[in-house]
Each structure stands twice: as C-alpha cells, then as structure tokens.
1. Please indicate, with yes or no, whether at least one residue in the stretch 85-94 is at positive phi and not aliphatic (A, V, I, L, M).
2. Would you tally the residues in the stretch 75-125 being closer than 18 Å to Ala57 by Cβ and either modelled with pLDDT under 95 or among the aromatic types (Phe, Trp, Tyr) (or both)?
3. Which residues, taken from the stretch 172-196, are in contact with a Gly (Cβ under 9 Å, 6 or more places away or on another chain) and touching a residue at least 60 places away in the same chain (Cβ under 8 Å)?
4. Check Ala169, Ala154 and return the single one that is touching a residue at least 24 places away in the same chain (Cβ under 8 Å), within 16 Å of the ligand (Cβ to nearest atom), buried (at least 22 other Cβ atoms within 10 Å of the Cβ) and farther than 23 Å from Ser253 by Cβ.
5. Would you confirm, using the coordinates I've provided, whether Gly6 is within 14 Å of the ligand (Cβ to nearest atom), among the small types (Gly, Ala, Ser) and either in contact with a strand residue (DSSP E or B) (Cβ under 6 Å, 6 or more places away or on another chain) or on the phi < 0 side of the Ramachandran plot (or both)?
6. Inspect all residues belonging to the stretch 241-251 and state whether any of them is touching a Leu at 6+ places or on another chain (Cβ under 9 Å), farther than 27 Å from Ala127 by Cα and assigned to a loop (DSSP other than H, G, I, E, B).
7. Sort out for me the strands (runs of 3 or more DSSP E) sitting completely within the stretch 124-227 that have 3 or more residues that are more than 21 Å from Leu256 (Cα to Cα).
8. So which residues in the stretch 71-95 are within 16 Å of the ligand (Cβ to nearest atom) and either of a type in the set (S, T, N, Q) or crowded, with 24+ Cβ neighbours inside 10 Å (or both)?
Amino acid sequence: MLHYSGAVYRPPSEAHSLIIQVTVGCSHNKCAFCNMYKTKQFAITPEEQVLSDLRWAREQYAHVERFFLADGDALILPTERLLGILRTIRELFPECRRISTYASPKSILKKTPEELAALRAAGLEFAYLGLESGNDALLKKINKGVTAAQQIEAGQKLKSAGFTLSVTAINGLAGSNGDWQAHAKDTAAALNAMRPDFIALLTLRIYTGTPMAEWIERGELVMPTPMELIRESKLFLEHIDCPGAVFRSNHASNYLALAGTLNEDRARLIRQCEDALAGNAPLRKYVELGR
Ligand code: SF4
C-alpha cells in the first residue's frame with residue numbers, strides 16, 4: 001500500500017492525481033495563518049519508500065495520468081534525487097501526462113536555472129506557489145520567510161524553466177484593521193511581474209492553534225466582513241495586468257464566486273464585485289473547510 005504520514009493536502013485541481021509523499025510536512029512551517037503541517041516534523045521521505053510506493057501503485061492501478069508530489073515542498077529534494085523519482089514515474093507510468101507539486105520560494109531560489117530546466121525536461125510540469133501577498137510588511141508579519149522580490153524571482157525562475165505556474169494569494173490577509181489597500185495593490189503588482197498561468201485568490205480562513213487565531217482573539221487582527229473582502233477583490237482586479245492568466249476566486253472560501261481569463265474578463269469581474277457591493281448579487285455562505 002501507499003505510505004502516507006498524517007493528513008495529506010493537495011490543491012483542488014489535483015483531485016484526480018495520485019499523491020506521492022516525497023516529503024513529510026513543510027520545510028518552513030512558520031506561516032502565521034497555516035496549520036496544514038503543524039503536527040508534522042519535516043523530513044524527506046526515504047528514497048526506497050517513494051520507489052516502493054510507485055511500484056505498488058503500478059501493480060494496483062491500470063492507468064494513472066496525473067501525479068502530485070506532496071507534502072509542502074518537493075523541490076527541496078536534491079535535484080538528482082527528484083530527477084530519479086521523475087524518471088521512475090515516467091518508466092513505470094508511460095501514460096502519465098502531468099506531474100505537479102507545491103513549490104516553496106526558498107527551494108526554487110536554491111535551484112539553478114539548469115536544475116529547474118532538467119526537472120521540467122524530466123516531466124515535472126506544474127508548480128503551485130503560495131505568494132499570499134505581494135506586500136513586504138505583510139509577508140514579514142505572517143512570517144512567510146521571503147520578500148515580495150524573492151517571491152517574484154522564484155515565480156519568474158519557474159516560468160523561465162518552462163513550468164506551468166499557479167499562484168495563490170489570500171484576500172483579507174491584512175484584516176480590516178490593516179493596510180488592505182497596499183495588500184491588494186502590491187499583490188497585483190507581484191503577480192503582474194510573475195506572469196503566472198493561473199491565479200487563485202482565496203479568502204482568509206482562521207484555523208485553531210495558529211498564531212493568526214491568537215491575533216484574532218486578542219483583537220490585533222480584525223476579520224474582514226464579506227463586503228470588505230469584495231471591496232478588496234475589486235481593488236486587486238483594478239490593478240491586475242496578467243494577459244492570458246486564468247483567474248479563479250471561486251474556492252469554497254470565497255463569498256463571491258469570480259472566474260475568468262485575464263485581462264479580457266477583468267471589466268466583467270470588476271462589475272460583478274460592484275454588483276455585489278451594491279447588494280445586487282447573492283453571496284455564498286461560509287463553508288467550513290474542515291481543518
Ligand atoms: S503556507 Fe506553505 S510555506 Fe507556509 S507553513 Fe503552510 S505549507 Fe509551509
């Protein structure tokens with residue numbers, strides 16, 4: 001059977017991927033809002049375990065088109081080791097069409113352009129990067145561990161190596177008592193510089209046991225109302241300039257479902273925000289995401 005250690009997360013678009021846990025946890029594991037890997041001690045999965053998972057999966061599944069390399073940061077693996085895993089996937093699963101992973105900015109920056117190009121050539125194609133915000137003060141506050149310039153450089157490196165890049169940002173991250181305007185504008189500016197293929201604008205959720213939950217408790221961070229979140233989305237959209245990027249803000253966390261292709265749908269998306277702010281569009285109910 002496949003070896004999974006603790007809860008395993010993957011992006012919604014990887015619902016049909018076979019998840020192979022090449023690391024356990026997140027090498028950073030310090031973001032103030034995140035509880036995904038808090039109970040896990042970060043470790044690189046032993047190579048033999050990964051290979052035995054792949055061999056076992058080959059015996060069980062007749063057809064696997066997609067793989068997702070978990071947990072939080074497969075790119076932290078030494079390049080040769082990751083190349084070996086990719087080669088094994090290709091050999092055992094010739095029908096495989098896509099291999100994806102979360103990619104932390106620090107790990108991307110440690111790889112040379114040649115290493116990233118080799119990984120891309122070996123079949124690693126799709127990378128999910130958590131920008132969260134393009135605002136340096138906010139990145140520091142949430143303990144992201146990188147600056148906006150480093151995030152931009154990481155995204156650009158992946159794009160230059162030929163990766164398909166999906167970037168997430170978090171609506172409401174500054175709180176309604178923080179500088180939400182700077183967060184919206186700087187996040188749009190960072191994305192404009194990165195030019196991702198996909199942009200996901202999620203909505204801030206507060207998870208028990210995180211530093212952010214304590215900030216809320218102490219009143220240091222005030223959770224924005226649905227209308228404040230939409231006002232911030234509108235400002236973000238007014239500053240985004242990413243021709244061809246698929247924009248999604250229709251995750252279960254979003255009160256107003258927005259989806260389109262930039263920049264052609266930007267005016268319509270802004271109009272949707274305006275309609276909602278005027279009370280002319282139904283808002284979705286809060287959905288408990290279960291963590
Ligand atoms: S948000 Fe990403 S980088 Fe930050 S702790 Fe969570 S998994 Fe790690």
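1. Of all residues in the stretch 85-94, those at positive phi come to none.
Checked against the condition, which is being at positive phi and not aliphatic (A, V, I, L, M), the stretch 85-94 yields no hits at all.
2. Result for the stretch 75-125: 1.
3. Leu191, Met194, Pro196, listed by residue number.
4. Ala154
5. Details: within 14 Å of the ligand (Cβ to nearest atom): yes; among the small types (Gly, Ala, Ser): yes; either in contact with a strand residue (DSSP E or B) (Cβ under 6 Å, 6 or more places away or on another chain) or on the phi < 0 side of the Ramachandran plot (or both): no.
So Gly6 does not fit the description; no.
6. The first filter runs over the stretch 241-251 and keeps only residues touching a Leu at 6+ places or on another chain (Cβ under 9 Å), leaving 241-251.
Restricting the remaining residues to those that are farther than 27 Å from Ala127 by Cα gives none.
Taking every residue of the stretch 241-251 in turn, none turns out to be touching a Leu at 6+ places or on another chain (Cβ under 9 Å), farther than 27 Å from Ala127 by Cα and assigned to a loop (DSSP other than H, G, I, E, B).
7. Numbers: elements: 124-132, 164-171, 198-203.
Once the strands (runs of 3 or more DSSP E) in the stretch 124-227 are filtered for at least 3 residues that are more than 21 Å from Leu256 (Cα to Cα), what remains is 124-132.
8. The initial filter retains those residues of the stretch 71-95 that are within 16 Å of the ligand (Cβ to nearest atom), namely 71-77.
Listed by number, the residues that qualify are Asp71, Gly72, Asp73, Ala74, Leu75.
The values are calculated or read from the model by the stated rules, or taken from the named source; none is laboratory data. Keep in mind that what you see is a predicted model, and the values were worked out from it rather than measured. Using ideal geometry, Cβ is built from the backbone for each residue, glycine included, and neighbour counts are taken over all protein chains shown.
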